[in-house]
Structures are given as structure tokens and as C-alpha cells.
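Values quoted throughout were computed directly from the atomic coordinates according to the rules given, and no laboratory measurement underlies them. Quick caveat: nothing in here was measured; it's all calculated off a predicted structure. All Cβ positions, glycine included, derive from the backbone under ideal geometry; neighbour counts span all protein chains shown.
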Amino acid sequence: MFAFDDIIPQAASHFDFADQTLIMSFPQAAMKQTARGTVPESQWDEGVNALLVDYNFSGSNASYDAHDSETSYNSDSYYLNLRSGMNLGAWRLRNYSTWTRNDGNNTWDNIGTSLSRAIVPLKITADVGGIPPLPVIFLTAFRCAVCS
């Protein structure tokens, strides 16, 4: 028979013969700290090269005819919410943009663009760019950068 404290530093074990119980204590540093459902790094891959598009489009038309030119009107409004991206190797490029058209006036807004990549040995994902609502660390050379 062996004692756990001979194998694992700072571990302890004691058998209480009167209660017929084994009491064991292990330091947390000796415990394997892997979250449930974690995929081993050896099984990671970079995924598939792909182009991605997700969009929402809405529009409306409102008109009112009062039989005179002073109070009659016609109004057209359109809205496009566009989230696009590209996966190329380990790199992930994402963009979030919107387009609106109100009565013939077009507006295109780039909400944000980000580039990310998993860094397997460090077990992190590095993101550079700015697509809300990511938590951000502001840097001078970039709009923002995040490691998670």
C-alpha cells in the first residue's frame, strides 16, 4: 500500500478504522483544471474557408392624399442590417454595416470591422478591431484589441 502524499506533494490521506472512512486531501494545484466539455488541443482544426452573410431588410411606404398638393405626401424608407465575414485558415474577418434610404437619401454606415485568430498554445483568441459589444482594451495603433 502507498500513501498519496508520497506521490503528490502536500497531499494527505488518513484511514479512520473506527468509522471505516478514508479521508483524502489534495492541493488544488495538483488537480487537473479542464472545464467540462473542453476539446483537447490535438483535436482542434482551423475550420473551413468560407464567406458568411447575415442580413435583415425592412422597408415601408407611407402616403397621404388630401386631394391638394400642399398636404399630400409619399414617403419610402428602407433599412438593411448586414453582418458579413470571411474565414480563411485560422483567421476570422467580420464586418457589421447598415444601409438606410429615406425619401431618396442613401446612408451607408460601417459600424465595425474585426479580425481575430485563435492562438492555440496560449489558449486565447486575439481580436483586433471594433464590433460592439466586445469588451475592449484601447490601444494607440488600433481601434481596439481583445484577448479572451
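Some notes on this structure:
- You can think of it this way: the chain between Asp109 and Asp54 has 18.2 nm of extra reach, that is 0.36 nm per residue less the Cα-Cα gap.
- Between Tyr64, Asn87, Thr113, the Cα set farthest toward the positive side of the dipole of the range 41-129 (charges on each charged residue's Cβ, about the Cα centre) is that of Asn87.
- Lys, Arg +1 and Asp, Glu -1 on Cβ, resulting dipole of the range 41-129 about Cα centre, debye, nearest 20: 620 debye
- Using R0 = 41 Å, the C-beta based FRET efficiency linking Ile8 and Val128 works out to 0.45.
- Fully extending the segment from Met24 to Arg101 would add 20.8 nm, taking 0.36 nm per residue of separation and subtracting the current Cα-Cα distance.
- Whether the range 41-129 is rounded, prolate or oblate, judged on the alpha carbon gyration tensor where a/c under 1.5 counts as rounded: prolate
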